[in-house]
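Below is one structure; the comments refer to it alone.
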Amino acid sequence: ERRGLERLRSKPTRTRDGVDITLLANAESAEDLARAHALGAAGVGLFRTEFLFLQRDALPDEDEQFHVYRDAVLRMSGRPVTFRTLDLGADKADRTGLSLGNEDNPALGVRGLRLSLLHEAVFDTQLRAIARAAAYGPVRVLVPMVSCREEVVIVRRRLRRAVAAVRRRGVEVATPPLGVMIEVPAAAIGAESLADAVEFFSIGTNDLVQYLLAVDRNNDALSDLYSPLHPGVLRLLAHVIRAGTRHRIPVAVCGEMAGDPWMAPLLLALGLREFSLHPGKLLELRRAIRECDLGRLLARSEQLLQARDRQAIERWLAEARRG
Ligand code: PEP
Ligand code: MG
């Protein structure tokens, strides 16, 4: 079993009918990056930067961050690395005094970009560090918890200023493409109005499912309800993918769902062409995709979107598996 998988290390991620699919890695350590590289990931689709801010009392300065980011870029030797700006708050509280920690509804509170915009100097420091790393290879900036276009406009302006500030110092810098996490339902529904303001989308199904179904992603008592196999979730995913595709920007899914080989036919049928997942799942997903016939899946996508409940979606998946 493991040996069969190992053979796929050097194989392309291509459907049976010859369509190439992009597999990116979610990474937050040197080991993840090494694994992603060795297993043939096309790049890093989600580099979570929270770890730099957790389990410590002082904030990392620009140089410390720059060294971590540049190291990631160099390790991926020319493949793009997508740095997600700080996503603290809610479940991930820090000790540095950034996150508020006393909110009634932390999941609906000051988290992700909202926290960054509350601490502008911290945000600008991170943007400068990422822009400096961008001088060493292809880099993208990804912003979490965006709910509206105005936020993108603000981030774009701050990114531009961060690049200019570094350039004034005479330090090497580049302007990375900017993308947003689609994980707030209103951002997903309004994807059309965000698509022409950014260079890429990354759908965060972990949060999107939580917010769309009003089900806490960490509440064990509700784990049965917390599932992407809900007709409303599938329709929204299809809508976001279509909006991105129409505007010719790449759309990835970077939530847990993307790393589940069982879900691959469903995501392909909804139009997805980029998956970002834990490196430990890369080969299994590649195998699953190589077993898919994209033409046949697309021919059955309308049927998938008409499914009325989870059982119908599961039946669709079981049939897709049989071919
Ligand atoms: C997500 O929400 O799907 C996601 C990838 O981000 P995180 O799990 O870090 O919130
Ligand atoms: Mg998220």
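Summary of computed values
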| quantity | calculated |
| --- | --- |
| Sole exception among (1) surrounded by fewer than 23 Cβ atoms within 10 Å (Cβ to Cβ); (2) within 16 Å of ligand 2 (Cβ to nearest atom) for residue 222, by number | (2) |
| Conditions (1) surrounded by fewer than 24 Cβ atoms within 10 Å (Cβ to Cβ); (2) more than 16 Å from ligand 2 (Cβ to nearest atom); (3) not β-branched (Val, Ile, Thr): number failed by residue 212 | (2) |
| Members of the stretch 137-162 found to be of a type in the set (A, V, I, L, M, F, W, C) and buried (at least 20 other Cβ atoms within 10 Å of the Cβ), listed by number | 139, 141, 142, 143, 145, 146, 152, 155, 159, 162 |
| Qualifying residue in the stretch 313-323 (condition: on the phi > 0 side of the Ramachandran plot and surrounded by fewer than 17 Cβ atoms within 10 Å (Cβ to Cβ)) | yes |
| Single residue of the stretch 1-38 satisfying the filter (closer than 22 Å to residue 202 by Cβ and among the polar types (S, T, N, Q)) that is surrounded by the fewest Cβ atoms within 10 Å (Cβ to Cβ) | 29 |
| Residues of the stretch 113-149 satisfying the condition of being among the β-branched types (Val, Ile, Thr) and part of a helix (DSSP H, G or I) | 122, 125, 130 |
| Residue in the stretch 150-162 that is assigned to a strand (DSSP E or B) and without any contact (Cβ under 8 Å) to a residue 60 or more places away in the chain present | no |
| Hey, residue 184 in contact (Cβ under 8 Å) with a residue 24 or more places away in the chain, within 16 Å of ligand 1 (Cβ to nearest atom), within 15 Å of the chain's Cα centre (by Cα) and closer than 19 Å to residue 266 by Cα or not | no |
| Selected residue [surrounded by fewer than 23 Cβ atoms within 10 Å (Cβ to Cβ), away from ligand 1 (no atom under 12 Å from the Cβ), at positive phi and not polar (S, T, N, Q)] from 248, 235, 242 | 248 |
| Verdict on residue 206 being within 16 Å of ligand 2 (Cβ to nearest atom) and either buried (at least 23 other Cβ atoms within 10 Å of the Cβ) or within 24 Å of residue 24 (Cβ to Cβ) (or both) | yes |
| Contacts under 6 angstrom Cβ, first residue in the stretch 1-16 being farther than 12 Å from residue 282 by Cα, partner part of a loop (DSSP other than H, G, I, E, B) and not hydroxyl-bearing (Ser, Thr, Tyr), 6 or more apart | 15/292; 16/293 |
| First in the stretch 290-312 and among the small types (Gly, Ala, Ser), second anywhere and assigned to a helix (DSSP H, G or I) and crowded, with 16+ Cβ neighbours inside 10 Å, Cβ under 7 Å, 6 or more apart | 301/269; 307/231; 307/313; 307/316 |
| All positions within the stretch 69-121 that are among the β-branched types (Val, Ile, Thr), away from ligand 1 (no atom under 14 Å from the Cβ) and in contact (Cβ under 8 Å) with a residue 40 or more places away in the chain | 73, 81, 96 |
| Strands (runs of 3 or more DSSP E) enclosed by the stretch 1-112 - at least 3 residues per element that are over 30 Å from residue 321 (Cα atoms) | 81-84 |
| Unmet requirement for residue 42, which otherwise passes all of (1) among the aliphatic types (A, V, I, L, M); (2) surrounded by fewer than 20 Cβ atoms within 10 Å (Cβ to Cβ); (3) over 24 Å from residue 206 (Cα atoms) | (3) |
| In the stretch 192-203, the residues that are farther than 21 Å from residue 159 by Cβ and surrounded by 23 or more Cβ atoms within 10 Å (Cβ to Cβ) | 203 |
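Read-outs throughout are calculated quantities, based only on the coordinates presented, and are distinct from any laboratory measurement. Just so we're clear, the structure is a prediction, and the values are computed from it rather than from any experiment. Backbone-built Cβ (ideal geometry, glycine too); neighbour counts: all protein chains shown.
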